[in-house]
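Below is one structure, written out as structure tokens; the observations come after it.
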Protein chains: 4
Amino acid sequence: MSKTMKAAVFVEPGRIEIREKTIPDVGPNDALMKITTTTICGTDVHILKGEYPVASGLTVGHEPVGIIEKLGSAVTGYREGQRVIAGAICPNFNSYAAQDGYPSQDGSYLMHSGQCGCHGYAATAGWRFGNKIDGAQAEYLLVPDAQANLAPIPDGLDDDQVLMCPDIMSTGFKGAENANIRIGDTVAIFAQGPIGLCATAGARLLGATTVIGVDGNAHRLEMARTWGADVVLNINECDVVDEIMKLTQGKGVDSAIEALGSQATFESALRVLKPGGTLSSLGVYSSDLKIPLGAFAAGLGDHRINTALCPGGKERMRRLMNVIQSNRLDLSAMVTHRFDLENIVEAYDLFSHQRDNVLKVSVKPG
Amino acid sequence: MSKTMKAAVFVEPGRIEIREKTIPDVGPNDALMKITTTTICGTDVHILKGEYPVASGLTVGHEPVGIIEKLGSAVTGYREGQRVIAGAICPNFNSYAAQDGYPSQDGSYLMHSGQCGCHGYAATAGWRFGNKIDGAQAEYLLVPDAQANLAPIPDGLDDDQVLMCPDIMSTGFKGAENANIRIGDTVAIFAQGPIGLCATAGARLLGATTVIGVDGNAHRLEMARTWGADVVLNINECDVVDEIMKLTQGKGVDSAIEALGSQATFESALRVLKPGGTLSSLGVYSSDLKIPLGAFAAGLGDHRINTALCPGGKERMRRLMNVIQSNRLDLSAMVTHRFDLENIVEAYDLFSHQRDNVLKVSVKPG
Amino acid sequence: MSKTMKAAVFVEPGRIEIREKTIPDVGPNDALMKITTTTICGTDVHILKGEYPVASGLTVGHEPVGIIEKLGSAVTGYREGQRVIAGAICPNFNSYAAQDGYPSQDGSYLMHSGQCGCHGYAATAGWRFGNKIDGAQAEYLLVPDAQANLAPIPDGLDDDQVLMCPDIMSTGFKGAENANIRIGDTVAIFAQGPIGLCATAGARLLGATTVIGVDGNAHRLEMARTWGADVVLNINECDVVDEIMKLTQGKGVDSAIEALGSQATFESALRVLKPGGTLSSLGVYSSDLKIPLGAFAAGLGDHRINTALCPGGKERMRRLMNVIQSNRLDLSAMVTHRFDLENIVEAYDLFSHQRDNVLKVSVKPG
Amino acid sequence: MSKTMKAAVFVEPGRIEIREKTIPDVGPNDALMKITTTTICGTDVHILKGEYPVASGLTVGHEPVGIIEKLGSAVTGYREGQRVIAGAICPNFNSYAAQDGYPSQDGSYLMHSGQCGCHGYAATAGWRFGNKIDGAQAEYLLVPDAQANLAPIPDGLDDDQVLMCPDIMSTGFKGAENANIRIGDTVAIFAQGPIGLCATAGARLLGATTVIGVDGNAHRLEMARTWGADVVLNINECDVVDEIMKLTQGKGVDSAIEALGSQATFESALRVLKPGGTLSSLGVYSSDLKIPLGAFAAGLGDHRINTALCPGGKERMRRLMNVIQSNRLDLSAMVTHRFDLENIVEAYDLFSHQRDNVLKVSVKPG
């Protein structure tokens, strides 16, 4: 094994490029993973644009599929050569936050004190890959807390089939899980990008019987139908709030899922929510949000607003891969384009401009 | 029994006065209650000022303590002459909303459609007394859905001891119940008016071990200590957000309860909330709310925001009166001033100006 | 309209027969329903055999599909001639029990005091039709608390399509809902009669990804596959406990649903349950149960055992019919045989002997 | 530091004695704790009697209070010399079971397969101290997964004040937490040994307003009053089931907590349980249990039965110590007798025979 590897690193705003880096050492609780497939996330695009700050020289990416190259001395129950994934969020399950029920928030998150306007939106404490430590768009990835985070891939599933598990499917499904869905519910999902599409599939999988997909892109609405929407609404063709209130005979939806991170989608989600309903918010917002008084019933509507960071850990990954293995959902069509790691700059260009009906790209080291 | 009664009616903004009204007829599912004690709520003051619109001529008030004067033909299990209370919110438990788990929201609430800016904040569908139908500041009160809403007063409890149950205690406790409190939690309650004080007492009753009361009024903070706060913070004497972050070693509180209905308290509640924490909102807001991006962790903080309308029904009232009967909490000191119904205008004046350390007034018909 | 009607009445153990009875009067909160289709339940067979005692002369049956013939004076929002169903359990939603969260248990259930061996298993307080009051196997049915219990049938659904909603589907789905199912779970359902089949469908609808149907009847196992089982196990062909432990790599299932009411199924359900797992029990037992020490982990397994009585009410019925209307599940094949009310004795004979692969029969008055 | 230490080891049934043992080496994820105080548990008495099998030569005990002597190389955020406790159950929070929500069950528990009568009741997978590895009744204790399990003792709390946290308080409180207690509930706790007393305190702390303590020992009932019971019932002086049904006007209790591990207490708990109520079981049973048909409402009572193994981990311990630090509960009177480690045989004798009103003993190495 060579001592160096290729990695996509953030250099400066507007510039991510392939660099040669040293393959990291493996501590007692770590594992080194040889990446076979990874992908680019919307968050990576924010990093590229400099909208989300990371250190110059950091390897980006947080969606790893690969093979165990080397196990730390204290990691047991795995074998080198085993095919695994790791979640985009790699929690330290020994932390207070994890034991308290919030593994994605590791307790080092102290940014929202009174004076912290300056800290911007740099939360996401449990998110380490491509944020605090080197990430997955590389030939090798060092996985911390490997005992908790390495998830073996079941026999019979190829890389593409599990590529959505680390982030897209885990986040989208969490949006559905956070929506308090019960059998017979009506659920509207605002925005049908990869995460919104997974939230749509998740809502259906959890027993919602009227699943409404909302977007402005006809192609994505078509995919929404494929993955679970009973009804799709194009924001360019109707007043979505009106339409949903009509569909529900003026009652509103039981749950609304926000999957974009904008005032418009958040506000629409609230406007169609029944008293007693739940707004599950998935988006990463980039400015203050406004809650309209009427839609919020002046605070008297028995409403719930739940936010989430993508869940990680090997048990989460095991469950998501099980959904795929049991043929409940096939997300392989989510991979619309394929690139070699060497050409990742090109991949970023396609993905960030949402050209050619791209949903997700696969990226493979040499 | 006379055919008319005295009642405090809303005439026009700025004017509530005692009028003579006809005692209502009793339908098969109704009960007529002779009021022995009632009180004035902050919402009644909003009605008085014209900030919350009700029909001219409506009897105001929604916190009834009294005696069953007459039972409807289909109401069973009660006897005339029995001492009872009824909740401020008198749900129709046969409604879809109630069966769905939201009895305070009766399903006729259709105000937050896309165009409904104009409807203002007139939600609160299950709130009927002094809002949609004649209320409790009168000699007699017609209770709809009496089978569900009449709650017998246990022997040994006098009117003052149960006067907070219909609204103040039910709402305040719901704020604590909605806060997902677990043993060992730190909970901050923003505003220590009557409802905030009950939320403070409720948080302690549910196992919070660090209860922080926040207000700007020293007298109310003193009462907060009496009813359960371990720590009190005066917004005029410190930066409350800073202070709470220090008290929690920078971690933030497990739950924050908003009990006023203002941007400042809502925002502070969010700023001190830990990732994974719950903001339980009780206040009736009067304008759009802003969610600051940083405090909201850009939507990635695993936060929950829960709102509530006061729960009603005879089982709720039974439980609240049981808290008092079992000496867990004595709220009689909440009644700081006493008035006859005839002098209710004077009572409104004292209460609305929060003079003389008033918390709540009792109002007794002749 | 005639003043009398045909009804199937329990006469004495072993004898249910068609009698002429007076059509009941309609009180203010009642509705009279003209039955268009009903069915026979396993419980009715217990009544027939005298194993479950009801008063001689009582009309049996609790699964009504029909048309509103007459509405009580206090019932609003419906119209005569409207097609409706009512749940097998017709709760009084004004009761303490209903407001406390248990509408199927109306609070008059006082049978399990220390001395009550003699009361036998006559629980089921909210179950009125064909138990405490005249039931649905008749030309007309008086529905109490009609405002809460009449559920309009959506356009486009015929009688057969909704015939399982009042009891079979509501009970079976409750078994799945009570099983704490999460996405990716493995769930085993013990017994695949009509209720077990619905529990199987419900488990899949709620996101279980390995659904295991267990029975001794090959035909029913075949139906189990149709309605959602990934794996079926025939108790006559394998050691089911062993097989399930192998399927789960020795871990046990996340949830086990008991759908028969016998020691054998209850015990097997517990034996395959993982530590931390949930046993959802649906069966009506007829003798004391034994909990084996080992399977119960001596009380240290973080196990949950949940029992349930069929949920009722118009909101429940609305949700179940919505599942069917949205094409999530088609239970019409559950009706394997058809009879006129006049021939109900013959229907009982077929159904009680489980001849001819019968699952459920439909029974139609003239 | 010496290379050997004194430790209480299980030799054979009936014989625990002080032996000299080697002080263990510290691996990267371990910590070595110098014990300052420990205690004897009822389970230790089962071990002594040979009723619960452990390896001959094993150091017993699982309730450690002490000082960090040495930290493993990968353990951070602690300092040597720091006062700490560790839970009786030391979970591996990296396990599938922990990530799935059941840290006390580590997934290696595979004993309840169909054939496993022979395995007896040896569940309790997360319980390592004095069960699978050397325990706390010694001068030094090796703590595995130290990062997750070492809990710093807050300033101002002495050893006796936190001695109940590792097991007695964690288990007792879990009994209350598992009982689904809501404000206004009536809760009966069957058996008032140390764990039952903590369950009683926990039920009150969570908002139960009628707490009923049941036992046959007058002294323990007196202590029950001190720690939270509103009513105490002596099984030798009344028919407890009758008495509780009278106290609840025939309705039954909302929750019943079993804290002994016998058929009698389990059965009584079920007999007083309301429909819709929860039986929270804490006891370690030693034989099969019987569920009486009537008390179980034939499976139709919407009952829940929840079992639990003592929760562990540093966050749990932090919360429990916070309860004490905030003066919600003072359990120091639970320590009724004091012994040196050298005299532990004498301590076992007193404790196992429940002489002299013993509740718990403290045991201190040299």
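General remarks:
- Site pair D:Asp242 and A:Asp239 shows an inter-label distance of 7.1 nm when each label is modelled 7 Å from Cα along Cα→Cβ.
- The dipole here belongs to the range D:216-366: it is taken about the Cα centre, uses +1 on the Cβ of Lys and Arg and -1 on the Cβ of Asp and Glu, and is about 600 debye.
- DSSP beta bridge pairing in the protein assembly as shown, given as percent antiparallel to the nearest 5: 50 percent
- FRET efficiency, B:Lys132 to D:Glu342 (Cβ-Cβ, R0 51 Å, nearest 0.05): 0.10
- Placing unit charges on the Cβ atoms of the charged side chains and taking the dipole of the range B:169-307 about its Cα centre, the candidate lying farthest along the positive direction among B:Met223, B:Asn306, B:Thr265 is B:Asn306.
- Backbone phi angles across the range C:245-262, fed through the Karplus curve with coefficients 6.51, -1.76 and 1.60 (θ = phi - 60°), yield HN-Hα couplings of 5, 5, 4, 9, 6, x, 7, x, 7, 5, 9, 10, 10, 9, 10, 10, x, 10 Hz in residue order; Gly and Pro are listed as x.
- Amide H contacts under 5 Å for D:Leu289, placed H, 5+ residues apart: C:Ile291, C:Leu293
- Separation between Cα centres of the range D:334-357 and the range B:221-262, rounded to whole Å: 45 Å
- Relative contact order computed over chain D (Cα-Cα under 8 Å; 6+ residues apart), in percent: 18 percent
- Taking the Cα atoms of chain A, the ratio Rg/Rh between the radius of gyration and the Kirkwood radius comes to 0.97.
- 3J(HN,Hα) couplings calculated from phi for the range B:18-27 with the Karplus curve 6.51 cos²θ - 1.76 cosθ + 1.60 (θ = phi - 60°) are, in sequence order, 6, 10, 8, 10, 6, 5, x, 6, 10, x Hz; Gly and Pro show x.
- Pairs from D:Lys21/D:Lys49; B:Lys174/B:Lys246; C:Lys70/C:Lys314; D:Lys70/D:Lys314 whose Cα-Cα separation, in the structure shown, is over 20 Å: D:Lys21/D:Lys49; B:Lys174/B:Lys246
- Taking Cβ atoms as reference points and 12 Å as the exclusive limit, the residues near B:Arg338 contribute a net charge of -2, counting Lys and Arg as +1 and Asp and Glu as -1.
- Residues whose placed amide H lies under 5 Å from that of C:Asp340, excluding near-sequence neighbours: C:Lys364
- Our summary of shape: the Cα atoms of the range B:1-42 have principal axis extents of 36, 21, 18 Å, ordered from largest down, in whole angstrom.
- Residue-count net charge about A:Ile195 - beta-carbon cut-off 11 Å; Lys, Arg +1, Asp, Glu -1: 0
- Label separation (C:Asp330 vs C:Glu17): 4.2 nm, computed from points 7 Å beyond Cα along the C-beta direction.
- For the range D:62-80 versus the range A:169-189, the inter-centroid distance based on Cα atoms is 42 Å.
- Shielding value for B:67-80 is 1, the average number of Cβ atoms from other chains within 10 Å of each residue's Cβ.
- Selected from C:Asp106, C:Asp155, C:Asp340 as most flexible by GNM, with chain C as the system and alpha-carbon contacts under 10 Å: C:Asp155
- By average C-beta atoms within 10 angstrom, highest first, the peptides B:142-153, C:341-352: B:142-153, C:341-352
- Computed over the protein assembly as shown, the per-residue total of -39500 (n - 2.57) for DSSP H runs of n ≥ 4 gives a 222 nm mean residue ellipticity of -6500 deg cm²/dmol, rounded to 500.
- Within 10 Å of each Cβ in C:206-217, the average number of Cβ atoms from other chains: 3
- Other copies of D:Glu12: label-to-label distances in nm, shortest first, labels 7 Å along the beta-carbon direction: 7.0, 8.1, 10.2
- Taking the charge dipole of the range C:115-229 about its Cα centre, with +1 at Lys and Arg Cβ atoms and -1 at Asp and Glu Cβ atoms, the residue from C:Pro194, C:Val214, C:Gly126 reaching farthest to the positive side is C:Val214.
- Interchain or long-range residues, amide H under 5 Å from B:Gly50's placed H: B:Gly14
- Debye log10 I(q)/I(0) for the range A:169-307, one point scatterer per Cα, at q = 0.12, 0.21 Å⁻¹: -0.37, -1.26
- Spin-label model distance (nm) - C:Thr76 vs D:Lys3, 7 Å beyond Cα toward Cβ: 9.0 nm
- Per-peptide average of other Cβ atoms within 10 Å, ordering B:61-71, B:169-179 highest first: B:169-179, B:61-71
- For the range A:7-25 and the range C:264-281, distance of Cα centres in Å: 52 Å
- The HN-Hα couplings worked out from phi for the range B:170-187 by the Karplus form 6.51 cos²θ - 1.76 cosθ + 1.60 (θ = phi - 60°) are 5, 5, x, 5, 4, x, 6, 4, 7, 8, 6, 6, 10, 4, x, 6, 9, 10 Hz, whole numbers, x standing for Gly and Pro.
- Average beta carbon contacts from partner chains per residue of B:244-252, 10 Å cutoff: 3
Every number here is computed from the coordinates shown, using simple stated rules; none is lab data. What you see is a predicted model; the values in this text were computed from it and never measured. Cβ: placed from backbone, ideal geometry, glycine included. Neighbour counts: every protein chain shown.
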